[in-house]
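S.K.: Take this structure, written in structure tokens, and hold onto it; I'll ask about it next.
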Protein chains: 2
Amino acid sequence: MVTIRDVAAMSGASIKTVSRVLNNEPNVRPEMRERVLQAAHKLNYHPNMAARSLAGRQSYMIGLFYENPSPNYVVNIQTGALDRLRGEPYRLLMFPVENFKEFHGKMIAIIRSSGLAGVILTPPLSNDPEIMDELDQSGVPYVRVAGTEPRPGSPCVAIKDMIAAREMTRYLLGLGHRRIAFLRGNPVHPASNARFEGYCYALQSAGIPIDPDLVIAGDFRFASGLEAARKIFALNPRPTAVFSSNDDMAAGIVQAAHEHGIAVPRQLSVVGFDDSQLASIVWPRITTMRQPISAMAYTATDIILNLLENGWNTEEIRNVELDHALIIRDSAGPPFLANVAEKEDA
Amino acid sequence: MVTIRDVAAMSGASIKTVSRVLNNEPNVRPEMRERVLQAAHKLNYHPNMAARSLAGRQSYMIGLFYENPSPNYVVNIQTGALDRLRGEPYRLLMFPVENFKEFHGKMIAIIRSSGLAGVILTPPLSNDPEIMDELDQSGVPYVRVAGTEPRPGSPCVAIKDMIAAREMTRYLLGLGHRRIAFLRGNPVHPASNARFEGYCYALQSAGIPIDPDLVIAGDFRFASGLEAARKIFALNPRPTAVFSSNDDMAAGIVQAAHEHGIAVPRQLSVVGFDDSQLASIVWPRITTMRQPISAMAYTATDIILNLLENGWNTEEIRNVELDHALIIRDSAGPPFLANVAEKEDA
DNA sequence: CTGTTAGCGCTTTCAA
DNA sequence: TTGAAAGCGCTAACAG
């Protein structure tokens, strides 16, 4: 095992100087720096993270905590974080949390024993006050993705869920729909509520009362879209459009529509949220609201890094809101054909 | 920061004894053990991984290396590995590799600097001789997922790709298909070739010559399925079935079929491979060959852990082959209706 | 600009 | 069955 001492010996510098070079610290003659670098290269030297962490009382591990969201979501988050980490000495450690209720009280132990330098929290963990309390107590910087509750000392990266959902609802309204069903997400994810608010807001602004029969419970998963579809199809008169809180459930509705011989969008418009891979894979391709999940994770990671490296303090970092975008595809259209066609068919 | 010294002080033992208790080493009086455990608990003590790694000259990090497969694949692999790691002191570090050709020569550096205890390789990395050479050189145990080339000293977890593909082809044959197109995967993934072999084998056994026009290149991605569909639809006479090397591409073919008004499976049967989430989300749901990806990663991780903990040597571990399973859904059926209907339609 | 010294928190000798 | 001492490879503090 080649250590900093070997590099020092070969380059004729002290270990401290080698350390300076390796950490890009100032106060080293360029010539000396060069010599050290060459020795390190020749010896195929690589610093030992464990020793570095121990001596420097800091680690180079960022923990990504998540609880069972859709696979696409995790991958996108992970990709964004990893993209930001590329070229940095930091590494990404995955912490899947089975049940965040049972997770309470364990955060500090994990941080301590894994020596995490920073933490990224995804929903629903990003809105769990107990977990955040523990994090505050631990002192490691943490950034929340898609958190909604503002919290002093804890930056958060999100999109404007309410506004985005309102926009989507208005799009449907603009198409001429009046009976629009809404498929809610898992209520422990606050984004789910924000999206519902946006839906309500848009309807009310248009003078359309919220019909409770048109608001269906769901949990963000494909299967719950399938289930919801059954309820929606049984409604009389049937809504002409469904706004699903995410794409997975929207895909479920589309599949169920195929099975029931209901043409999308001719007889039923379906729109989703996220613009996940799914949305463009099912047929018809789903009109959806793009949420820049990877970019959110990238930004969250960037904030962590700045907190760590540049000594930003959390006070100066306000929440960051990224842009959403309406992606128009093939699953939504005007309603008028739908009802007519339906009655003729029957 | 509470250290082993604090626990020693409180329990009245030496730090060595505390260390013994914490590591479940023998030669500690039960009574003493109890006292130490209580002190540790009372102080909310958690061992520092960095110190442990440094002093013990070993680490508790398992690196998962992957290059750009489909999101579902990564998630499944990750889930399997994480499941096995639950309750163990080991952590999973993610190493996305952009381009495995450029990756050559970097493996040792990464292992050294991150202090990896073990490595899990997924395709196509699991079949790259240069990477495996570096790994051999580094001395850390590594297990390959879905590798095909046998390699002494390196265990591998896989399924019988060739056999599975042969089975699927025979299923199609059994349905009555004679013109069966095959959509290849990315050729750098050896599983891709094994599946093609299985297809050829089955056809030849049935006395059907391989028609090169029916073998289409693909790269495992949805978009390549879309492209391939165009070529397949242009064939005259059109094949009555398509066997796609994975579900992503099969989903592409299904989508294209919808766009071209080709009914699946009535006019064209489509089957995939993997049984990824996609297969049951698109409509019609895709008949596919289930590959237990999570289980493979679980097993790979299990092997690594045994190598590490129980001092297994790689000689005694042969390759492990897990079972595949044909999952019959709605995208494949008998061919006879197809051609008839087509001609009548025209 | 450079080097010396003293740890970081733990495990590993090896002696009691 | 237990403990004292000596590091693991690196960085921090301070002295040159």
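The values are calculated or read from the model by the stated rules, or taken from the named source; none is laboratory data. It should be emphasised that the depicted structure is a prediction, and the values quoted were computed from it without experimental measurement. Here the Cβ positions follow ideal geometry from the backbone for every residue, glycine too, while neighbour counts run over all protein chains shown. With ligands, DNA and RNA removed, areas are computed over all heavy atoms of the protein, side chains included. Shrake-Rupley method; radii C 1.70, N 1.55, O 1.52, S 1.80 Å.
S.K.: Here are A:Val75, A:Val18: which of them is within 11 Å of DNA strand C (Cβ to nearest atom) and surrounded by 21 or more Cβ atoms within 10 Å (Cβ to Cβ)? Spell out how you get there, then give the answer.
M.R.: Values: A:Val75 fails: within 11 Å of DNA strand C (Cβ to nearest atom).
Residue meeting the stated conditions: A:Val18.
S.K.: A further question follows. Looking at this structure, is A:Ala55 surrounded by 13 or more Cβ atoms within 10 Å (Cβ to Cβ) and within 16 Å of DNA strand C (Cβ to nearest atom)?
M.R.: Values: surrounded by 13 or more Cβ atoms within 10 Å (Cβ to Cβ): no; within 16 Å of DNA strand C (Cβ to nearest atom): yes.
Judged against the criteria, A:Ala55 is not a match.
S.K.: State whether one or more residues within the range A:243-258 are at pLDDT below 95, under 30 Å from B:Arg221 (Cβ atoms), among the aliphatic types (A, V, I, L, M) and not assigned by the TED database to the domain that holds A:Ser70.
M.R.: For the range A:243-258, residues at pLDDT below 95, under 30 Å from B:Arg221 (Cβ atoms), among the aliphatic types (A, V, I, L, M) and not assigned by the TED database to the domain that holds A:Ser70: absent.
S.K.: Scan the range B:280-293 for residues that are in a helix (DSSP H, G or I) and within 11 Å of chain A (Cβ to nearest Cβ) and report the count. Don't jump to the end; show me each part of the working.
M.R.: We begin by selecting, within the range B:280-293, every residue in a helix (DSSP H, G or I); these are B:280-281, B:293.
From what is left, the residues that are within 11 Å of chain A (Cβ to nearest Cβ) are B:280-281.
Adding up the residues that qualify gives 2.
S.K.: Still on this model: Which residue, of B:Asn99, B:Asn48, B:Asn44, is farther than 20 Å from B:Pro141 by Cα and away from DNA strand C (no atom under 16 Å from the Cβ)?
M.R.: Values: B:Asn48 fails: away from DNA strand C (no atom under 16 Å from the Cβ); B:Asn44 fails: away from DNA strand C (no atom under 16 Å from the Cβ).
Result of the check over B:Asn99, B:Asn48, B:Asn44: B:Asn99.
S.K.: Going by the conditions given, is A:Gly261 within 14 Å of another protein chain (Cβ to nearest Cβ), modelled with pLDDT of 95 or more and surrounded by fewer than 20 Cβ atoms within 10 Å (Cβ to Cβ)? Working first, answer last.
M.R.: Details: within 14 Å of another protein chain (Cβ to nearest Cβ): yes; modelled with pLDDT of 95 or more: yes; surrounded by fewer than 20 Cβ atoms within 10 Å (Cβ to Cβ): yes.
Judged against the criteria, A:Gly261 is a match.
S.K.: Six or more apart or on different chains, Cβ under 9 Å: which pairs go from a residue in the range B:1-19 that's assigned by the TED database to the domain that holds B:Pro30 to one that's hydroxyl-bearing (Ser, Thr, Tyr) and near DNA strand D (Cβ under 7 Å from one of its atoms)? Could you list them?
M.R.: B:Ala8/B:Ser14; B:Ala8/B:Thr17; B:Ser11/B:Thr17
S.K.: For the range B:95-122, give me each residue that is buried (at least 21 other Cβ atoms within 10 Å of the Cβ) and within 7 Å of another protein chain (Cβ to nearest Cβ).
M.R.: Across the range B:95-122, the qualifying residues are B:Ser114, B:Gly115.
S.K.: Now for a separate question. Could you check the range A:5-124 for helices (runs of 4 or more DSSP H) lying wholly inside it with 3 or more residues that are within 11 Å of DNA strand D (Cβ to nearest atom)? So that I can check it myself, show each step before the final result.
M.R.: Values: elements: A:15-22, A:30-43, A:49-56, A:71-85, A:100-103, A:107-114.
In the range A:5-124, A:15-22, A:49-56 are the helices (runs of 4 or more DSSP H) which contain 3 or more residues that are within 11 Å of DNA strand D (Cβ to nearest atom).
S.K.: Among the residues of the range A:34-52, count how many are more than 9 Å from every other protein chain (Cβ to nearest Cβ), open to solvent by 60 Å² or more (accessible area, probe 1.4 Å) and touching a residue at least 12 places away in the same chain (Cβ under 8 Å).
M.R.: 4
S.K.: If you don't mind, there's one more thing I want to ask. Assess whether B:Asp133 counts as being free of Cβ contacts under 8 Å to residues at least 60 places away in the same chain and more than 30 Å from B:Glu227 (Cβ to Cβ). Give the steps one after another, and end with the answer.
M.R.: On the way: free of Cβ contacts under 8 Å to residues at least 60 places away in the same chain: yes; more than 30 Å from B:Glu227 (Cβ to Cβ): yes.
Yes; evaluated as a whole, the condition is true for this residue.
S.K.: How many of the residues making up the range A:21-37 are within 10 Å of DNA strand C (Cβ to nearest atom) and not β-branched (Val, Ile, Thr)?
M.R.: Initial filter on the range A:21-37 (within 10 Å of DNA strand C (Cβ to nearest atom)): A:21, A:25-33, A:35-36.
Among the residues that remain, those that are also not β-branched (Val, Ile, Thr) are: A:25-27, A:29-33, A:35.
The number of residues fulfilling the criteria is 9.
S.K.: Here's a follow-up. Please pick out the residue among A:Ala191, A:Ala164 that is of a type outside the set (Phe, Trp, Tyr) and touching a strand residue (DSSP E or B) at 6+ places or on another chain (Cβ under 6 Å). So that I can check it myself, show each step before the final result.
M.R.: Values: A:Ala191 fails: touching a strand residue (DSSP E or B) at 6+ places or on another chain (Cβ under 6 Å).
Of A:Ala191, A:Ala164, the one residue that is of a type outside the set (Phe, Trp, Tyr) and touching a strand residue (DSSP E or B) at 6+ places or on another chain (Cβ under 6 Å) is A:Ala164.
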